[in-house]
């Protein structure tokens, strides 16, 4: 860790007066500073705020010495909007905000990580304004974002209270963003939180005349049209290379279809595919604002082989695929020398990843993805030792990880502790990027998405408690302290449940349905994760004491949610409490059901536990759609919780049948 970071990681709240020659300055108390800073997201690395001035909005000027680039112009426009609609229209200004990129004033940023995104804010030497300086264009844009957050909270009645603040700040991770879902519809929201990256799966095809083409649906196209305006790097995705059946590729060139391999496999020994992929890369690089393309490696071969022609059969399929991707990129560089390439790994490539990496030039950026290892909520490290080796070799490595509870079985999860854990692991291990998966929509995961923005920028800043409180302040909740208390009680319990893949693990083949495992006497002990992958039903709950604590805290979560009076969080608490109650009952049943039966003397107790299990799941089933309906200003009416409801409904029916078979129904 650089010395400058060790020294500057804390927030400094200095109470030393500053010299000021502009409008009359008012001192700001330490408590007022603390409250004001809660409006900042992400939290800057270093903040000094001692005083503020109140200025008519019409007498504030935002100036740019010299020519303005696109981002700097956007920064000025956003600042004017945040200050006052009449800002800058009152003749001679009494307060000036100056925006600069680089120069002598940027010298303090020289040794900071990701200097192009670093920035500083300080009062001007003559005492009549603020100077915002970026190490690069994006850094200046982020300086403006920070000031916007501070002044918007204090702008009313034509006047603005402006903090005489000194800030030095920079991100921990170079790239911070999302892929998929509806992230391309939330670009301004993302940029306001200093997220700078977005990916969307594109259509790359070949038409009937053998002409290559690329395109996006309109909502995805916004990533390209609007992303650069907000400092967001738009990166088109070439879909997993075994999933191109609907691209027209094989109709136009049947000779590219893999021989005797899984349908969709490609013959990478045929140089024609290199030509086609290079054309797709060039077509995307030709779009305004697009500088990089991400090629996703094959994902779902399910143990089947790739092409088995004489040239391919003796080679590692993943290595052949990598060589084809790199060859296509190098060919494209002949026409576009600045084209950047990323690749995304998969569960198919996992065992071959060290060999895949060895084929990649150092300039190629790697997103690590594995549907089981990176899409989960388990409380265990995600980044494997061989990936650390790649980082030590100087490779750019990021991770594609979920920010929801479980991908595909959508449920409520306000999880500051979970996101804090994940982002700190990524930052501590030297990852360069976060490619978050915010499904099913940004509305459903807005808390966790903002938490990811917070800690991917400043991992050692706020605690989970303080982040939750600051988030509640930014949402305008009446009792932010109570919300933070609720999140402290609720978040770890929900994390235990979802980290155990309960109930979503019922959809997998392994370890099996819990009702059947109970009847067969095959329910695992607490804390058991089958093959280090399958955690159902309590893989993240490692002791009876932890289970009992979750049971107690889930009840307290419901109480606190009722006190908050916000339906969304009450329904979330009811969902998680229902799951925890079911898990507690299931644990008791494991100790009662022996050799596929229940002793007559134990049947009353078993009956009570079956009833508790079923009532818990019924509570969760009712609360799931109620939670989704309570999400404020939801942009889609689609019922994404239906899949979870369906899983729970099946579990209820199966356990009712098991209770009947064991002679415990109705007891």
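The values are calculated or read from the model by the stated rules, or taken from the named source; none is laboratory data. Values in this document were obtained by computation on a predicted structure and should not be read as measured data. Cβ coordinates were reconstructed from backbone atoms using ideal geometry, including for glycine residues, and neighbour counts include every protein chain displayed.
Residues that are in a loop (DSSP other than H, G, I, E, B) and more than 34 Å from the chain's Cα centre (by Cα) within the stretch 104-130 comprise 124, 125, 126, 127, 128, listed in sequence order. Got at least one residue in the stretch 62-69 being touching a strand residue (DSSP E or B) at 6+ places or on another chain (Cβ under 8 Å) and assigned to a helix (DSSP H, G or I)? No. Considering the stretch 80-99 alone, what residues qualify as being crowded, with 20+ Cβ neighbours inside 10 Å and at pLDDT 95 or above? Result: 97, 99.
Taken residue by residue, the stretch 161-184 has at least one member that is assigned by TED's automatic domain parsing to the domain that holds residue 395, modelled with pLDDT of 95 or more and in a helix (DSSP H, G or I). Only one entry in 603, 611, 522, 542 is more than 27 Å from residue 485 (Cα to Cα) and not in a helix (DSSP H, G or I), namely 522. Under the condition of being modelled with pLDDT of 90 or more, under 21 Å from residue 125 (Cβ atoms) and more than 31 Å from the chain's Cα centre (by Cα), the residues counted in the stretch 42-58 number 4. Say whether the condition of being in a loop (DSSP other than H, G, I, E, B) and either buried (at least 20 other Cβ atoms within 10 Å of the Cβ) or out of contact with any strand residue (DSSP E or B) (no Cβ under 6 Å at 6 or more places or on another chain) (or both) is met by at least one residue in the stretch 478-493. Yes, some residue in the stretch 478-493 is in a loop (DSSP other than H, G, I, E, B) and either buried (at least 20 other Cβ atoms within 10 Å of the Cβ) or out of contact with any strand residue (DSSP E or B) (no Cβ under 6 Å at 6 or more places or on another chain) (or both). Listed by position, the strands (runs of 3 or more DSSP E) inside the stretch 209-327 whose residues that are surrounded by fewer than 18 Cβ atoms within 10 Å (Cβ to Cβ) number at least 3 form an empty set. The residues of the stretch 548-595 that are farther than 16 Å from residue 516 by Cα and either outside any helix (DSSP H, G or I) or in contact with a strand residue (DSSP E or B) (Cβ under 9 Å, 6 or more places away or on another chain) (or both), listed by number, are 565, 566.
Scanning the stretch 639-667 for residues that are assigned to a loop (DSSP other than H, G, I, E, B) and touching a residue at least 24 places away in the same chain (Cβ under 8 Å) yields 640, 641, 662, 663, 664, 665, 666, 667. Would you check if residue 415 is assigned by TED's automatic domain parsing to the domain that holds residue 197 and buried (at least 24 other Cβ atoms within 10 Å of the Cβ)? So residue 415 passes the test.
Rundown of residues vs (1) assigned to a loop (DSSP other than H, G, I, E, B); (2) without any contact (Cβ under 8 Å) to a residue 60 or more places away in the chain; (3) touching a strand residue (DSSP E or B) at 6+ places or on another chain (Cβ under 9 Å), yes/no style:
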residue: 434; (1), (2), (3): no, no, yes
residue: 449; (1), (2), (3): no, no, yes
residue: 460; (1), (2), (3): yes, no, no
residue: 468; (1), (2), (3): no, yes, no
residue: 511; (1), (2), (3): yes, yes, yes
residue: 518; (1), (2), (3): no, no, no
